[in-house]
Structures are given as C-alpha cells and as structure tokens.
C-alpha cells in the first residue's frame, strides 16, 4: 500500500473510475492512473486537508510545531447506538442528542455535522484513518508545551493553567461555545469545539460547555486519560475517567 501525494500546483482534477481505478488529470494535459487497491490514503499537499477514503469526509488539518492535527472532530461513524447502550470493552459510537440506530438519520443531524461523533474509549482507539492515530497522553503534552505549558504542569492531573493553553486551542466566539468562552484566541489553529459527552449511565450533556477529548493512554484498568476544555476557563484539565464515556476524538498524523 502507498500514499498518493497530490500537489495543488499540478492537479486540475481527479475522478474515480469505479470501482478499481483512479484517474488523475494534470494541468499539463497528461493523465495518471492508479489502482485503488494500491492506494493507502490520499494527501492533498498544500491544501491543509485530508480525505478519509472510508467515507469521503474531508478534514481540515493544522500543523502545530512538529505535529499535524485534524482541525475538526472525527466524524467516522460505522454504526450508531442510543445513549443507554454502552460498554468498556466493546466499541460504541454516538451522535449527541440522537437516540436511534440509523447511521443515515444520525448523519443528517446538525450535531453530527458540527461536532462529529462521540466515541467510547474502545472505539476511539480504532477509528482514526490510516496514517493518523488517537494521540497518546504524551502527544497531548507535546501540544500543550508547544503552547506554553510548563513541563511540571504538563505532568500534573487536574487543572493546569500555565500558558493559558485551553484559550489557545478553543474556537473564538460564542457560536458554539457558551458565554463567556474565557480566554479563547485559537492562536494555535486547533479550533476546539464544545461537543459535550455521552454519560456512562446514558444521556448526553455539557454541549456548549465542555470539549472533552480522549487520549490513547490508560489511567487504570477502568479509566483512560482525557483532556477537558471549558467555556469558563483558559486552563486545560488532564484527568482519567471511565472508558464508557462517549467523548470527541482529534486525530494526530503519524
């Protein structure tokens, strides 16, 4: 399998000759044909975006220091469950406020199109596309320190305030975040959204108030490490919580 790099300067268009080949029409008049079975993913170089070939979703990306992050919450939805169903050992997928099991219906909701999918920890670990991964606790620390957090604070659990990191990660304004959205500058370009969560006992809560994101790192046998951003603070919380929660995912490039 290979990655196909397409630069914005040399590509006019591309089309899929379903189901086996992709034909790339170049601006110099030439064409290139690729077997879909040989392509692992497609990177549009210079366009700051990534196309997930599993469902065609295009994600904006942002480079922060030496890391490249998805600038949007992951929206991969192979199945969907109502909030009353869950597990800490099997993958479960949720869309905030949706209590059915139809993928088509769930994808038609405004919450899906704005905030993406809420994943329990098992599904979060397996849902990033090829070439991307669920960031580890250490991956999150690298981001935080790049934005001004001290090493000492990065290693602490609970509220860490040095560098006002949450403010640098949060989307500006109150279109999605509840007022006052304290300290939000989005200086990093990360554009964190307050997608809320699915609770272990069922139900959805904290949309507009909290943006909570999984890491791939375990906290103990029942919990995993997460990051939590609030509309009322520019500090970022590092904590461990139950793996049955449904939380947002931001994928990090390999």
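No value in this document is a laboratory result; all are computed from the given coordinates. Keep in mind that this is a model prediction, so the values were computed, not measured. Cβ atoms come from the backbone with ideal geometry, glycine included; neighbour counts cover every protein chain shown.
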- Degrees between helix 137-146 axis and first principal axis of the chain (Cα, 0 to 90, nearest 10): 90
- Order of 31, 168, 141 under a 10 Å beta carbon neighbour criterion, fewest first: 31, 141, 168
- Added length on full extension, which subtracts the Cα-Cα distance from 0.36 nm per residue, residue 220 to residue 21: 67.0 nm
- Query: So how do 98, 119 line up by other beta-carbon neighbours within 10 Å, fewest first?
  - Reply: 98, 119
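Return the percentage of antiparallel bridges among DSSP beta bridges fully within the chain, rounded to the nearest 5 %.
Values: 46 of 54 bridges.
Around 85 percent of the beta bridges assigned by DSSP in the chain are antiparallel ones.
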- Task: Report the FRET efficiency, 1/(1 + (r/R0)^6), for residue 48 and residue 102, where r is their Cβ-Cβ distance and R0 is 30 Å, rounded to 0.05.
- Result: 0.35
- With the 8 Å Cα cutoff and a minimum separation of six or more residues, the chain has a relative contact order in percent of 18
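Compute the length gained on full extension between residue 38 and residue 201: take 0.36 nm times their separation in residues and subtract their Cα-Cα distance, giving the result in nm to one decimal. Can you show the working numbers first?
Values: separation 163, 0.36 × 163 = 58.68 nm, distance 4.37 nm.
In short, 54.3 nm is gained.
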- For residue 66 and residue 161, what does the FRET efficiency come to when R0 = 22 Å and r is the distance between their Cβ atoms, rounded to the nearest 0.05? 0.35
- segment 56-126: relative contact order from alpha carbon pairs under 8 Å, six or more residues apart, as a whole percent, is 31
- So what is the relative contact order of segment 118-254, in percent, for Cα pairs below 8 Å that sit 6 or more residues apart? 31
- Would you mind classifying segment 69-253 by shape? Square roots of the alpha carbon gyration tensor eigenvalues, ordered a ≥ b ≥ c; an a/c under 1.5 is rounded, otherwise it is prolate if a/b is larger than b/c and oblate if not. prolate
